[in-house]
Amino acid sequence: MLYTFAYVLAFAAPFFIMSFFIGKLNWIKKYNTVIVRVWGILMVIMGIMLFLDWMKKIIIFFTDLFGGFTGF
């Protein structure tokens, strides 16, 4: 239970911090539509890749390229 709470808190913290400073970041206001469209397109592409099971091929490629995760 404690680990779940820590995970949720760590995941949500950047969003809460960003919400306090969003008014100061004028470039986000200026390029808001571009940012939303680009992230939307990336989400659709990722969804297609997951549906077609291409993520496994990409993971295998990068594992072979970089030697896999060896720990911290």
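The values are calculated or read from the model by the stated rules, or taken from the named source; none is laboratory data. Because the structure is predicted, anything quoted here is derived from the model rather than measured. Ideal geometry is used to build each Cβ from the backbone, glycine not excepted, and the neighbour counts take in all protein chains shown.
For the range 18-53, a residue qualifies if it is under 19 Å from the mean Cα position of the chain (by Cα) and of a type in the set (Gly, Ala, Ser), and the qualifying residues are 19, 40, 47. Pairing residues of the range 17-45 that are farther than 30 Å from residue 55 by Cβ with residues that are part of a helix (DSSP H, G or I), at Cβ distances under 7 Å and at least 6 apart in sequence or on separate chains, gives 22/28.
Among (1) among the β-branched types (Val, Ile, Thr); (2) surrounded by 10 or more Cβ atoms within 10 Å (Cβ to Cβ); (3) at pLDDT below 85, where does residue 70 come up short? It fails just one condition, (2).
Restricting attention to the range 36-72, the residues that are small (Gly, Ala, Ser) and assigned to a helix (DSSP H, G or I) total 2. Screening the candidates 11, 21 for the property of being surrounded by fewer than 10 Cβ atoms within 10 Å (Cβ to Cβ) and at pLDDT 85 or above yields one hit, 11.
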